[in-house]
Structure formats: structure tokens, C-alpha cells
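To start, the structure under review is shown below, and the notes come after it.
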Amino acid sequence: DEVNAKGGVLGRPLELVVEDDQTTNPGAVLAFSRLANRGDCVGFIGSIRSTQMQAMAPDIARTARPVMFGGTDPTLTHSGNPWLFRCRPNDLYSARVIADFGVNELKKRKWAVVYSTDAFGSNGMKALVASLAGLGVTPVLTQGYANQQPDFTPVVLAVRGAGAEIMGSYFTFEPDQAVFARQVRQLGLNIPWVGSPSIASPVTLHLAGSALFGTYGVADFNEDASPTAKAFAEAYRRAYGGASPDNGWTYDGMHILARAINDAGTTDPGKVRAAILAIRGYAGAEGAYNFDANGDGLHGYNVVRNDKGRMTFIRHIEFPATG
């Protein structure tokens, strides 16, 4: 609506066509295929799930049109696919922020890292271990778990037994994180916990309740992080009956794609791609976009704290764009 209120794209209204990905890899591949086969889609908004983006990546490369996406697995923009443009900071940055905050702000050096053994969690764990190493810290424990694991007691006991004084985590699915959080409290593990973005998601907060009170997380979106984020959140609440947004990347992705097409003066995929990569200092709801050669637009995270269910903004940690 905002794009069209300002004249649309190349003087024409911007139209959104939606396909349901069913929150599965096969569903995502089918949804993208249906959209790509229409022939009239000049760009795409992809998935927030890294595994779904990995599944779609071969078709995206063959389609050769820009895809704005939210999955945070770093390898997605380092695999040679020139059509992927990330509108959230990747997990190399989340790992650096988790490590920086835990070591330099909380002053903790005995770390346990808990992670899903899928691609997202494993890559996040490796990035966090590397970031800690850069600060002179070697974790006392790196502990993986299987998605949809019914009981996390062995994981919690391993963290406690290792003598860790702080815990970092990469959980893929919110229900797993909620079960783990409850068992952390039940088994009396009382150490600071700094988690990847899922620890601050509304679904996790609802499922875990008070078990996550007092924990920290990295969040790509927080409405108190910038005037643009605040304005977006207020507009969202007006449009959707008072509900607050938990992210702004799809909003930013649509605006960036529209801007790039207008800047290029054409829908030619190659010229639109070049226009996206040329964007510098674009103030989005998620942050200031400066696309690097890999297609990553954001290069930092917000640190937030769970204050009785409300995610309170602490500070933003930004790194120079690379690539």
C-alpha cells in the first residue's frame, strides 16, 4: 500500500501474489515453482527458514530473478547464488553479538553452547565458537540436540555438569526452546542465557512463559531500536487491530525490491540485482541496509532482555559490511 501510494513501481501498481509454503521444504519448493512459472513475477519474498531457502536455492538460481529472504544461515549468501538478498543479519553476526555481549558486557568466560544439530543450529554453533575464540574463550561444552526432542534433561544436566557460567544457544523451533527453558528452570540451572533470535519470538515467549524471564537474546527487529522501526510498528498496529509486529524484514524486502526496480528503471533482473547491491544507508524497519557483494543487507543485531515477557531493547551492536 505504501509503495502504491507513492506511485507504485515504474508507474504501475505493485501487486502481491501469495503461495503457501506449508512450513515444509517440499511445500516451499512447490510454492516457489508455482510463482516462478507464472512468468509475471519480477521478484520474490522468500522464507524465514534457512532449510527452506536451501531447498529452493537451485530453482532460484535457474529462475534468475531477485529473491529477498529472511533465513539467517550464513552459507546461503556464500554459495555463489547471485539472486539471494538477505533482509536480516546472518548468524555470523548473531554469533559475534552473542559472544561480544556475554564476554564484554556480562563478563562471563565459561560458556556452554546448546544447538540444534540441523544446518541452522550447527552453523550457528560453529560461528559462536569461532566468535568466542576471537575473544580468547573456548567453551567448556558444545552440546547438540535433535529437533523435536521430547526431553532435554540430559542436555540441561550436561550444561550444569560442565560448570558453565553462561549459556549461548541456537534453537531452530520455538516448541523445542520452550520445553528446554522449562526444564532449565525445573532442574535449577541458574546462569545467564543469551540466545539466537528464536528466544525472543512471540511463539517462544507464549509457550515458555516465565521460564524465559531474565534471559537475553539477539533480535534483528525491535521497535525501540530506531525511529523507522517505531513508525513501522505503530503503522502495523493501526492496520492490524493493535497487534504488534515481531519482524520487519518482509516489509523492508518489499520496499527494497520496489526501490531497486525504480532505480534501475526496468524490471530486467540483472539491472535490478545491480540496483539492490548499490543500496547504501537505506533506513528500514530492521536497520540500515548496506548490501555487500554476497547479498547481505544488514550487519548487526539488537541485544534484548526478557523483562517478564516483554523484550526490552538494550543496545545495538553493528559490524562493518564485508564481502
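What to note about this one:
- Residue count for the range 154-177, restricted to those that are in contact with a helix residue (DSSP H, G or I) (Cβ under 6 Å, 6 or more places away or on another chain) and either among the β-branched types (V, I, T) or assigned by TED's automatic domain parsing to the domain that holds P74 (or both): 3
- Of note, A99 does not satisfy the criterion of being among the hydrophobic types (A, V, I, L, M, F, W, C) and out of contact with any helix residue (DSSP H, G or I) (no Cβ under 7 Å at 6 or more places or on another chain).
- With respect to being closer than 24 Å to D268 by Cα and surrounded by 13 or more Cβ atoms within 10 Å (Cβ to Cβ), G46 fits the description.
- Qualifying positions in the range 28-67 - without any contact (Cβ under 8 Å) to a residue 24 or more places away in the chain and part of a helix (DSSP H, G or I): L30, A31, R34, L35, N37, R38, P58, A61, R62
- Residue match in the range 128-143 (condition: aliphatic (A, V, I, L, M) and either over 20 Å from A95 (Cβ atoms) or in contact (Cβ under 8 Å) with a residue 60 or more places away in the chain (or both)): no
- Note on the range 64-98: among residues that are of a type in the set (D, E, K, R) and over 12 Å from the mean Cα position of the chain (by Cα), the one that is surrounded by the fewest Cβ atoms within 10 Å (Cβ to Cβ) is R65.
- Any hit, the range 274-295, residues being touching a residue at least 12 places away in the same chain (Cβ under 8 Å) and among the basic types (K, R): no
- Output for the range 72-112, where each listed residue is closer than 12 Å to D220 by Cβ and in contact with a Lys or Arg (Cβ under 7 Å, 6 or more places away or on another chain): T72
- Sole residue being modelled with pLDDT of 95 or more, assigned by TED's automatic domain parsing to the domain that holds E15 and surrounded by 15 or more Cβ atoms within 10 Å (Cβ to Cβ), chosen from D296, D268: D296
- From F152, F213, F180, F173, residue being out of contact with any Pro (no Cβ under 7 Å at 6 or more places or on another chain), hydrophobic (A, V, I, L, M, F, W, C) and at pLDDT below 95: F173
- F120 part of a helix (DSSP H, G or I), touching a residue at least 60 places away in the same chain (Cβ under 8 Å) and surrounded by fewer than 24 Cβ atoms within 10 Å (Cβ to Cβ): no
- Qualifying residue in the range 13-34 (condition: among the polar types (S, T, N, Q), closer than 30 Å to L135 by Cα and surrounded by 17 or more Cβ atoms within 10 Å (Cβ to Cβ)): no
- Residue ID - nearest to A200 (Cα to Cα), chosen from residues in the range 144-184 that are surrounded by 21 or more Cβ atoms within 10 Å (Cβ to Cβ) and among the polar types (S, T, N, Q): Q177
- Residue check, G80 outside any strand (DSSP E or B) and assigned by TED's automatic domain parsing to the domain that holds L277: yes
- Any chance F101 is surrounded by 16 or more Cβ atoms within 10 Å (Cβ to Cβ), assigned by TED's automatic domain parsing to the domain that holds D292 and in contact (Cβ under 8 Å) with a residue 12 or more places away in the chain: no
- Exactly one residue among G70, G39 is of a type in the set (G, A, S) and touching a Cys at 6+ places or on another chain (Cβ under 8 Å), and that residue is G70.
- Qualifying residue in the range 85-94 (condition: out of contact with any Asp or Glu (no Cβ under 7 Å at 6 or more places or on another chain), at pLDDT 95 or above and either part of a loop (DSSP other than H, G, I, E, B) or of a type outside the set (D, E) (or both)): yes
- Of all residues in the range 299-323, those satisfying the criterion of being surrounded by 16 or more Cβ atoms within 10 Å (Cβ to Cβ) and of a type in the set (G, A, S) are G300, A321.
The values are calculated or read from the model by the stated rules, or taken from the named source; none is laboratory data. None of these values were measured; they are calculated from a predicted model. Using ideal geometry, Cβ is built from the backbone for each residue, glycine included, and neighbour counts are taken over all protein chains shown.
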